[in-house]
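Comments concern the structure below.
The values are calculated or read from the model by the stated rules, or taken from the named source; none is laboratory data. Keep in mind the model is a prediction, meaning the values are calculated, not measured. Every residue, glycine among them, receives a Cβ derived from its backbone with ideal geometry; neighbour counts consider all protein chains shown.
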Amino acid sequence: MREKILAVIEKNARIDIHDLATLLGESETSVANEIAEMEKEHIICGYHTLINWENTSDEKVVALIEVKVTPQRGMGFDKIAERIYQYDEVNAVYLMSGAFDFTVFIEGRTMREVAQFVSDKLAPLDSVLSTATHFVLKKYKDHGTILSTPEQDERQLITP
Amino acid sequence: MKKILSDRAVGLKPSGIRKFFDIVNTMEGAISLGVGEPDFETPWFIREEGIYSLEKGRTFYTSNAGLKELKVEITKYLKRRFGVTYDPDHEVTVTVGGSEGIDVACRALLNPGDEVIIPQPSYVSYEPCVILADGVPVILELKEENRFKLTKEDLLKKITPRTKLLVLPFPNNPTGSVMTRKELEEIAEVIIEKDILVLSDEIYTELTYTGAEPASITQIPGMRERTVLINGFSKAYAMTGWRLGYACGPEEIIRQMIKVHQFAIMCAPTTSQYAAVVAMRDGDQEVAKMRESYNQRRRYVLSRLKEMNLPCYEPEGAFYVFPNISRFHMTSEEFATKLLTEQKVAVVPGNAFGDSGEGFIRISYAYSLKQLKEALGRIEKFIGKLDGKAD
């Protein structure tokens, strides 16, 4: 049942328990319990809203930063990651395979603000060898959702 | 002046769906639960293959029976899903949708006066296709108390010495009824004993929610050699607009079908055939995902109907529910028209699928949860009002 719950709420976090239970053919209590369990086990880590900021008057700048580091004695990747992800400006941190070590997503109000964060906070960290900053110019699709105009139902109203 | 039109064409009853469609189209802001096709777009990897084939300049006719590659994929699919073996070179033809397969099969099999048993409610094309092929349609009324399944007893009552063919429309549009392997075996026994043929329309076979593997009558010993199996890409792969289906059967029959198909159609659309190759080869997972999604919505609609006290047997296939509206003492058409004018919700009157559909409406659940919620809310309001008046 867990996989099925997750598959539905991953796409629709706001669905109410009654509807969710109906869709899955389960009782409301067992679905609610299962969700509570998964929250406790930190399988479900939050319920967020997917916002297309471009359609608002707010300015947002997002940058992807490739970070190379040297893990030091007594301080593995996890420790370094922690020093990076504690900053509020940092939206996401992933450990990567390949040519660099971390992908860091930074969000700020202006490019200047983001650049400043990189040069003042991120780059000077002891373990950080180098950074390469890439600004996001446009988001087309995020979290599996296409951000452009919503699709219309192209079907005829009645068909056999 | 000579008569302009063919009596047979003029004599065909216009589709009841068409009539209702014209009414719905005049209604502004109507929301519809009346569509007989998936709400998914064709999965991108399939569309992409169609585009690629165009880029490659594959814009020519294929052989009449279809691309060899596609016929091979079709036979592989039937083997892995049903364990039934067909020879891709002689026992398969690709058609323009399942509907062309139905037409061509009738024309390849029927002689004047041959009787064809058509269980109804069912898809609207069987009867006209039989008439156009000089056959005589014999309507068998499926009953709600049998969950709209075909029973041995009902079948035996309709068989005469002139019976040539049985249409087997399961999983069924509009009822969503599904026949299990065991139930098919009982039918097969009669079919073999009475020496008749079967046209098995299995277009919805991937959309069954029993949890069991879908059954095909071709799996039953002795049936493969007397069955024309019709299937297609529209429902399972959400490819309605591509117009692509197929027919499988004994070489003797398929050869004649290919001949008719060749003179009428030449070949199925080439782009669609290339896209269908990858659909069938790589699409199983995508089909399973869509099936799960329909099943969830099926549960939702059934539970809402129950809440509003609209009796509906639990269908196990396709993407329709077929609730019984007889307690309102209105015909299906009256009910559907009133629902449309008062609440602006379009459903299809059950009698569009045959007289035995009278007293029912077809609701499609190939819609988003949001749409279903809104439309079912309106139906609930409508029914509440009717019940209030009845008191």
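For (1) within 14 Å of chain A (Cβ to nearest Cβ); (2) touching a strand residue (DSSP E or B) at 6+ places or on another chain (Cβ under 8 Å), each residue gets a yes or a no:
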position: B:Arg8; (1), (2): no, no
position: B:Ala30; (1), (2): yes, yes
position: B:Glu41; (1), (2): yes, no
position: B:Tyr52; (1), (2): no, no
position: B:Gly57; (1), (2): no, no
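Looking at B:Val92, B:Val35, which is the one that is within 14 Å of chain A (Cβ to nearest Cβ) and touching a Lys or Arg at 6+ places or on another chain (Cβ under 8 Å)?
B:Val35
Taking the criterion of being in a helix (DSSP H, G or I), in the same structural domain as B:Glu202 (by TED's automatic domain parsing), crowded, with 18+ Cβ neighbours inside 10 Å and small (Gly, Ala, Ser), would at least one residue in region B:45-68 satisfy it?
yes
Does region B:267-279 include one or more residues that are more than 30 Å from B:Gln371 (Cβ to Cβ) and under 16 Å from the mean Cα position of the chain (by Cα)?
Looking for residues that are more than 30 Å from B:Gln371 (Cβ to Cβ) and under 16 Å from the mean Cα position of the chain (by Cα), one finds none in region B:267-279, hence no.
Out of (1) away from chain B (no Cβ under 14 Å); (2) among the hydroxyl-bearing types (Ser, Thr, Tyr); (3) without any contact (Cβ under 8 Å) to a residue 40 or more places away in the chain, the odd one out for A:Thr133 is which?
In the conditions (1) away from chain B (no Cβ under 14 Å); (2) among the hydroxyl-bearing types (Ser, Thr, Tyr); (3) without any contact (Cβ under 8 Å) to a residue 40 or more places away in the chain, A:Thr133 misses (3) alone.
Being within 17 Å of B:Pro221 (Cα to Cα), under 21 Å from the mean Cα position of the chain (by Cα) and hydroxyl-bearing (Ser, Thr, Tyr) is true for just one of B:Ser200, B:Ser125. Which residue is that?
Details: B:Ser125 fails: within 17 Å of B:Pro221 (Cα to Cα).
When all the criteria are applied, what remains is B:Ser200.
Tell me, please, whether a residue that is more than 14 Å from every other protein chain (Cβ to nearest Cβ), of a type in the set (A, V, I, L, M, F, W, C) and more than 16 Å from the chain's Cα centre (by Cα) can be found in region A:139-159.
No, because not a single residue in region A:139-159 is more than 14 Å from every other protein chain (Cβ to nearest Cβ), of a type in the set (A, V, I, L, M, F, W, C) and more than 16 Å from the chain's Cα centre (by Cα).
Does region B:285-332 hold any residues that are more than 10 Å from chain A (Cβ to nearest Cβ), assigned to a helix (DSSP H, G or I), of a type in the set (S, T, N, Q) and under 22 Å from B:Tyr367 (Cβ atoms), and which are they?
Passing the criteria: only B:Ser332.
Yes or no, residue by residue, for (1) among the small types (Gly, Ala, Ser); (2) touching a residue at least 40 places away in the same chain (Cβ under 8 Å):
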| residue | (1), (2) |
| --- | --- |
| B:Glu91 | no, yes |
| B:Val96 | no, yes |
| B:Ser122 | yes, yes |
| B:Lys149 | no, no |
| B:Lys158 | no, yes |
| B:Pro161 | no, no |
